[in-house]
Every structure is written in C-alpha cells, then in structure tokens.
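A quick write-up on the structure given underneath.
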Amino acid sequence: MDLTSPRVIRSVQDKFGFTFKKGLGQNFLTSREALGKIVDSLGGERYALEIGPGFGTLTAALAERMDKVVAVETDERLIPVLEYTLAGHDNVEIIHGDVMKLDINELIREKFGARASVAANLPYYITTPVITMLLESRAPLNNITLMVQKEVARRITASPGSKDYGAITLLCDYYADTSIAAYLSASSFVPPPKVDSAVLKFAMRSAPAVRVLDEKMLFKVIRASFAQRRKTLLNCLCAAFPVSKTDMSSLLERAVSNPSRRGETLSLAEFARIADELTNLI
Ligand code: SAM
C-alpha cells in the first residue's frame, strides 16, 4: 500500500471515516523523497522509536530497514487504522499514548534492550517540548531525526552571531551535533500545513559538548543571557544573579574578555566559562 499517495490516503480515510484533527498537528507526509531522507539519516540503526505514526507512512518505511519499530500514537482513532495499514509488518509495535507522558528511558530499555534512534514527523505544537524531553532524558539514543518547521530547524542549527541563534540552539548543541538533511514545501503533506518544513538530524554526543561544574547553572546563564535580547550580557546577568555590577564585569572580562558583548555572540564553550566562574563565586 503506497501511503504517500493522496488517493490511497483518501481511500483509508473513507474506509475508517477518519477526519484530520488540526489540534493534533495531523499533516501526513506524501513525499517519498522526504521519507527516504529520514530513513537514510538513521543510517545503519536497528531500532527506531517513532512519535506520531499517523497512517503509518514513515513507520512502514522504517520497518523495511530496521529490526524493530515502536510507534507511539496519541489519537485512539488511528490505532485500528495502523493495524490495517501496517498488517504486513511483523516488526512494528504500536503503543497508544501521549509521548510527553511516557518514560522514554524505560520504554527504550523495555522494548529494545539496546541503544535506539527516534524518528518523527512531529506535530509542530509540541516540537520544542519533545526535543527538550528527548535530550534531557539522557535516554540511550544514537540519533534523532525529526521533521520540524523550517524556522525551528534554522534556530536549532544556527551559528553564534546570527539572528536565529538562541537558548534552544545551545541546549541542542550541548547534547548533539545538529544538521539539516532536507527542506520540504507545504505541498509534501496532506492536508498542507501553513509552514514549510525541514528534516533535522541530531547525532547524539557520547558526552555533552562542554564540561561544567554545574549543568543547572549553565542553562540558567544561557536563559538569562537571551531573556532580553537588546541588553548586554552584563545587564542580563546582573538582572538574574545576586552579583554586583563590578564583580560581574570582572568575571566577564576573565571568562569572555568583554562584558559588553551580547548573548547571541557567545559560543557554548564561552557560556560554560561564565557558568563555572559564577558557580565558584556564588
Ligand atoms: N508520521 C505520520 C506522517 O508522517 O504522515 C503522521 C505525522 S503528523 C504530522 C503527527 C502525528 O502525531 C499525528 O498522527 C498525531 O495524532 C500524533 N501526535 C500528536 N501529538 C502526539 C503526542 N503527544 N504523542 C504521540 N503522538 C502524537
């Protein structure tokens, strides 16, 4: 069954009386090229966890390459549809549930008993929470490949100094090496969303990109530095930490050589130096 064909999608819709729910981000993939990019970006992985299988288009493509695919779908109406569309694949397990309410670590251990990868054409409304949850879970993942809104992909892969660079870029950089594998127009989905998309790949690092004395401090510094984009680093950090302007200024001199820089020009390594200075000071 070619689930990328809009005609086949319509016939499955008719068979099950299924209507798309906008609130669940139900825009189903109709591009074979995009499917290929997602599956290729998982390389030689054997186990995949899919978030939001929909009609099972990506699930089937993954099942053809992988030893086992576990797919978590929140919409109960899709469970019988998936049983029908994926009937030919005995290496697929469907779980009815909300991915944000699952313990990803436990799920991967229980279902695969080995390191796995994540693939998803994510509903745009939960993109950032899902990425944050996956990264912070420290689950045994090698690779995460996600279809996301183009602007989100640009923010996550941005370089210091660019307007897209921000706290989410640094969070992702801390845990993974990120890259964009492909761009897709809205016409690659049924129904077409209002935004363009990109296939975003996270190659998970074996250890965080920088080593700090206190991880919570690192992310507090990063959040504070981007809280007011028009302010200098010195003013942003003085607003967030109980440190005098004079002390903060000399701390920034030591850590990044210039207190009047703006947060968006700093690399992760520079934020790490500031965080360690603050940990030692406070
Ligand atoms: N993977 C399919 C495809 O590419 O054609 C469908 C992708 S569609 C953009 C997103 C899917 O995620 C929908 O099937 C939706 O019901 C499901 N979904 C939405 N929120 C979810 C959640 N919190 N947990 C699991 N699935 C979710």
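Please work out if Asn143 is more than 12 Å from the ligand (Cβ to nearest atom) and buried (at least 17 other Cβ atoms within 10 Å of the Cβ). Yes, satisfied. Confirm whether Ala227 is more than 25 Å from Gly56 (Cα to Cα), touching a Gly at 6+ places or on another chain (Cβ under 9 Å) and exposed (fewer than 15 other Cβ atoms within 10 Å of the Cβ). Answer is yes for this residue.
Yes/no per residue for (1) without any contact (Cβ under 8 Å) to a residue 12 or more places away in the chain; (2) within 30 Å of Ala116 (Cβ to Cβ); (3) among the small types (Gly, Ala, Ser); (4) assigned to a helix (DSSP H, G or I):
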residue: Lys194; (1), (2), (3), (4): yes, no, no, no
residue: Ala209; (1), (2), (3), (4): no, yes, yes, no
residue: Arg230; (1), (2), (3), (4): yes, no, no, no
residue: Ala239; (1), (2), (3), (4): no, no, yes, yes
residue: Val243; (1), (2), (3), (4): no, no, no, no
residue: Met248; (1), (2), (3), (4): no, no, no, yes
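Restricting segment 37-60 to residues that are within 13 Å of the ligand (Cβ to nearest atom) and surrounded by fewer than 21 Cβ atoms within 10 Å (Cβ to Cβ), the residue that is nearest to Ala114 (Cα to Cα) is Val39. The condition of being modelled with pLDDT of 95 or more, under 20 Å from Val70 (Cβ atoms) and in the same structural domain as Gly97 (by TED's automatic domain parsing) holds for Ala116.
Results for (1) free of Cβ contacts under 8 Å to residues at least 24 places away in the same chain; (2) in contact with a Ser or Thr (Cβ under 9 Å, 6 or more places away or on another chain); (3) closer than 21 Å to Lys150 by Cβ, shown as yes or no for each residue.
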| site | (1), (2), (3) |
| --- | --- |
| Leu3 | no, yes, no |
| Pro6 | no, yes, no |
| Gly17 | yes, no, no |
| Glu33 | no, yes, yes |
| Glu45 | no, yes, no |
| Gly56 | no, yes, no |
| Lys68 | no, no, no |
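A count restricted to segment 253-281 and to residues that are within 19 Å of Lys231 (Cβ to Cβ), assigned to a helix (DSSP H, G or I) and touching a residue at least 24 places away in the same chain (Cβ under 8 Å) stands at 7. Each residue in segment 11-36 was checked for being modelled with pLDDT of 95 or more, more than 7 Å from the ligand (Cβ to nearest atom), out of contact with any helix residue (DSSP H, G or I) (no Cβ under 8 Å at 6 or more places or on another chain) and in a helix (DSSP H, G or I), and 3 pass.
The values are calculated or read from the model by the stated rules, or taken from the named source; none is laboratory data. A quick note: this is a predicted structure, and the numbers were derived from the prediction, not measured. A quick note on method: Cβ atoms are made from the backbone with ideal geometry, for glycine too, and the neighbour counts reach across all protein chains shown.
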